[in-house]
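The values are calculated or read from the model by the stated rules, or taken from the named source; none is laboratory data. Here the structure is a predicted model, which means the values were calculated and not measured. Here the Cβ positions follow ideal geometry from the backbone for every residue, glycine too, while neighbour counts run over all protein chains shown. These accessible areas exclude ligands, DNA and RNA; they are computed on the full protein's heavy atoms, side chains included. Shrake-Rupley method; radii C 1.70, N 1.55, O 1.52, S 1.80 Å.
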Amino acid sequence: VRDVDRPAVSGRVEEVLAAAAMAGICVISFGNVVVRYATNASFAATEEISIFLLVFMTMIGASLAFTRGGHIRITAIVDRLPRTARISVMMLTHALTLIMFALVAWYGAKLTLDEWEFGETSPALGYPSWIYTVWLPLISMAIIARVIGRARRDCRAHKEDSMLTEPATGDDVL
């Protein structure tokens, strides 16, 4: 990995949180299966907690993917564009991603506040619903920070590449 591609903050936090969420899902689901086969009854709360952990893990995974530049891209057309157009499309993609997660953070915060104000509770455990939804705006803000970091690293990488790249000779052109 080139120095220009290293994030300022490592993705280790996301790795640990995602692993903890996955372990939680496994333990809860396994425990529920064992209890169901042993007693012919199941824990009502396992689905509620498992769904929360799955959404949490998905959002954390998205943050980690932005850190590593690991999101799926379909670049068949973009790769054929001139260098400046490729960079522009890449920055447009980052900008649209920022807008989307800003909207998720905004509406997630509004939902969390509404649940807190109205005292909504979860169906199975009766916990305040906001303890599940508060993570949506928080992780969205973390994703926004990761996207900004990715955009900055991509800009630096393209600036370095332009300084190192020789003019095209014809051998490397489609």
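Taking the condition part of a helix (DSSP H, G or I) and small (Gly, Ala, Ser), does Ala23 pass?
Working: part of a helix (DSSP H, G or I): yes; small (Gly, Ala, Ser): yes.
When the stated conditions are applied, Ala23 passes them.
Can you pull out every residue in the stretch 113-155 that is open to solvent by 30 Å² or more (accessible area, probe 1.4 Å) and not in a helix (DSSP H, G or I)?
Gly119, Glu120, Thr121, Pro123, Ala124, Leu125, Gly126, Tyr127, Pro128, Val134
Determine the pairs where a residue that is at pLDDT 80 or above, located within the stretch 145-174, has a partner that is among the aromatic types (Phe, Trp, Tyr) with Cβ atoms under 6 Å apart, the partner being 6 or more residues away or on another chain.
Taking only residues 6 or more apart or on different chains, the pairs are Arg146/Phe66; Val147/Phe66; Arg150/Phe66.
Restricting attention to the stretch 83-112, which residues are within 20 Å of Glu48 (Cα to Cα) and open to solvent by 80 Å² or more (accessible area, probe 1.4 Å)?
Scanning the stretch 83-112 gives no hits.
Working only within the stretch 68-82, note down all residues that are in contact (Cβ under 8 Å) with a residue 24 or more places away in the chain, basic (Lys, Arg) and surrounded by 11 or more Cβ atoms within 10 Å (Cβ to Cβ).
Arg68
Say we look at the stretch 30-53 and pick out the residues that are exposed (fewer than 14 other Cβ atoms within 10 Å of the Cβ) and among the hydrophobic types (A, V, I, L, M, F, W, C); which of these is nearest to Tyr132 (Cα to Cα)?
Ile51
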